[in-house]
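The values are calculated or read from the model by the stated rules, or taken from the named source; none is laboratory data. As the structure is a computational prediction, the values presented were derived from the model and not from experiment. Methodologically, a virtual Cβ is constructed for each residue, glycine included, from the backbone with ideal geometry; neighbour enumeration extends over all protein chains shown. Note: areas computed on protein heavy atoms with side chains; ligands, DNA, RNA excluded. Shrake-Rupley method; radii C 1.70, N 1.55, O 1.52, S 1.80 Å.
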Amino acid sequence: MDIPVVNFNAYKLGEDQIPDERLSVMTEEIKQAFSGTGFVYLENTGIEQQEVNRVMDVSKKFFLLPEDTKKLCARNSDHENFNDGWVSSEIERLNPLRPGDLKEAFNISHLDSVLKWPSDASIPEFQEVLDSFFRRCKALALRVLEVTALSLGLQRDFFVKKHKLIGTNKNCTTLRTLYYPPLHKVIVKPNQIRCGEHSDYGSVTLLFQDESGGLEVMHRSGQYISAPCIPGTVLVNIADLMQRWTSDVLVSTSHRVLLPPDDKMNTSRQSVAFFVHPDKDEIISCCDGSNKYPPVSALQYTKDRAYISYKEVNDSNLAV
């Protein structure tokens with residue numbers, strides 16, 4: 001497989017005593033993956049498949065609610081927590097050269113949010129399940145950041161101390177549950193796919209996906225390769241700010257989700273992503289002391305990238 005699988009058992013959630021020799025092997029394997037394709041499957045992380053299944057189950061109940069009900073929870077780009085809430089299909093355009101993406105999403109970026117949660121009696125556990133999974137992903141992400149720092153010869157907490165405020169309104173880290181609806185009754189526009197080619201904005205991303213397929217990752221050869229679901233693993237990738245931070249030692253790679261084959265157009269797809277960002281007030285400079293990239297505000301960089309993805313929506317709001 002072109003995307004390596006690394007055993008994270010030595011530093012999985014709940015495991016705090018890690019022998020130096022096991023840590024050394026794991027950090028080298030992860031560095032090779034992050035400096036190659038920019039992606040790695042981590043197995044034995046401490047997050048169990050049944051936890052992921054529960055998130056997907058309650059999320060699907062939400063996505064199948066009537067649109068008028070979901071609109072009550074809609075994302076508000078003018079709010080301080082500009083990424084929280086429901087995003088309807090075709091609103092995002094992660095590749096500006098394509099039509100809108102054929103997916104819905106529900107985002108949560110902090111745990112004391114004024115976000116309007118769905119009040120539908122059929123999913124009373126929705127908030128509890130997503131809050132709990134947010135905390136689990138945060139714990140794992142911080143361990144990934146520690147291992148990443150060690151792999152570069154940096155202090156273990158080099159990146160972690162720039163991510164101290166995850167789960168508050170001082171940080172843009174977002175748990176995003178995604179639903180790609182069936183397309184057999186949809187008129188698909190020319191050049192339209194489920195999720196356009198893009199790279200992620202922040203530090204790293206954790207991805208959990210069902211077995212529907214469709215995710216592709218840009219290989220160093222310039223060709224897209226499949227990144228299928230491997231049950232029990234977490235697919236982790238480097239994002240743009242981390243590539244800048246490491247002066248291109250670690251690479252942020254373009255990826256996309258294609259349409260299903262014709263005989264599966266009546267099937268849906270689900271995934272859950274945890275997009276990890278530095279604290280909003282952090283200034284990201286090259287960690288090797290070089291000037292390969294100028295310093296950039298973590299918050300402003302994220303806002304600028306999000307604006308491009310929602311450009312038509314933002315422009316229409318400005319015109320009102």
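Placing +1 on each Lys and Arg Cβ and -1 on each Asp and Glu Cβ, with no other charges, gives the chain a dipole about its Cα centre of roughly 440 debye. Using the Cβ-Cβ distance between Ala139 and Ser24 with R0 set to 25 Å, the FRET efficiency from 1/(1 + (r/R0)^6) comes to roughly 0.65. Placing a pseudo-label 7 Å from each Cα along the Cα-to-Cβ vector at Asp288 and Leu97 gives an inter-label distance of 2.9 nm. Per residue, the accessible area of the stretch 177-255 comes to 36 Å² when a 1.4 Å probe rolls over the protein heavy atoms. When every Cα-Cα distance of the stretch 171-320 is counted in 5 angstrom steps from zero, the calculated P(r) takes the values 2, 8, 15, 19, 18, 16, 12, 6, 3, 1, 0 percent. Around the amide H of Cys195, modelled in the peptide plane, lie the amide H atoms of Leu102, Val257, all under 5 Å away and 5 or more residues distant in sequence or on another chain.
Our note on the geometry: Cα centres of the stretch 188-259 and the stretch 1-55, 17 Å apart. Taking all Cα-Cα distances within the chain, those exceeding 34 Å account for 18%.
Placing unit charges on each Cβ (+1 for Lys and Arg, -1 for Asp and Glu) gives the stretch 110-159 a dipole about its Cα centre, and among Phe126, His110, Val144 the Cα reaching farthest toward its positive end belongs to Val144. Scanning residues 5 or more positions from Gly167 or on other chains, those with amide H under 5 Å from its amide H are Thr173, with H placed 1.01 Å from N in the peptide plane.
Expressed in units of 2.2 N^0.38 Å, where N is the residue count, the Cα radius of gyration of the stretch 142-198 is 1.84. Which shape class applies to the stretch 73-168: rounded if a/c is under 1.5, otherwise prolate when a/b exceeds b/c and oblate if not, where a ≥ b ≥ c are the square roots of the Cα gyration tensor eigenvalues? Oblate, because a/c is 1.5 or more while a/b does not exceed b/c.
Adding -39500 (n - 2.57) for every DSSP H run of four residues or longer, then dividing by how many residues the chain holds, sets the calculated 222 nm ellipticity at -8500 deg cm²/dmol. Note on Met265 and Lys164: their simple-model spin labels are 5.4 nm apart, each label 7 Å out from Cα toward Cβ. Of all lysines in the structure, those lying under 21 Å Cα to Cα from Lys31, and not within fewer than 8 positions of it along the same chain, are Lys12, Lys138, Lys161, Lys162, Lys292. Peptides 289-296, 117-124, 128-135 ranked from most to least packed by the mean count of surrounding Cβ atoms within 10 Å: 128-135, 117-124, 289-296.
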